[in-house]
Amino acid sequence: MKHSERMVKMLENYHIPMNEISIIIAMHFKMEMSTVKSPSREGHIVRARNFCIYFLHKYLTHKVDLESTKHNLIGLYLLRDRLTIRHHQMNFAWLISHDKEIINEYNEIIIKLNRNGFF
């Protein structure tokens, strides 16, 4: 089985929870999931996408061992390449620890995700 076929198979296993997490985040930002997955670079869309990447990575940390595999899965799901996902995840992890506005939004979203049993 080729690497890409394995990734697609793994994505199928995690698709439903990843989709639910993403929908909760999209609803928090009052937008459609298709908007979050779009190539738009508008600030509010990028912020929602960054939260999606961060929380999907956090969810997959408990499910998948290899870091590159997590980035590949999120990339397949959000229609981005692995390195873009890695870049966003690392930069956003820093923002979550330093930006008060992002910290507040993080806390609101984590409460919603906890209510739905993800973390």
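State yes or no: is LEU76 of a type outside the set (Phe, Trp, Tyr), over 21 Å from LEU113 (Cα atoms) and in contact (Cβ under 8 Å) with a residue 60 or more places away in the chain? Taking the combined requirement at face value, the residue satisfies it.
Scanning segment 38-73 for residues being modelled with pLDDT of 90 or more and farther than 18 Å from ILE16 by Cα gives a total of 12. Scanning segment 1-48 for residues that are basic (Lys, Arg) and either surrounded by 12 or more Cβ atoms within 10 Å (Cβ to Cβ) or in a helix (DSSP H, G or I) (or both) yields ARG6, LYS9, LYS37, ARG47.
The values are calculated or read from the model by the stated rules, or taken from the named source; none is laboratory data. What you see is a predicted model, and the numbers here were worked out from it, not measured in a lab. In this analysis, Cβ positions are derived from the backbone assuming ideal geometry, glycine residues included, and neighbour counts consider all displayed protein chains.
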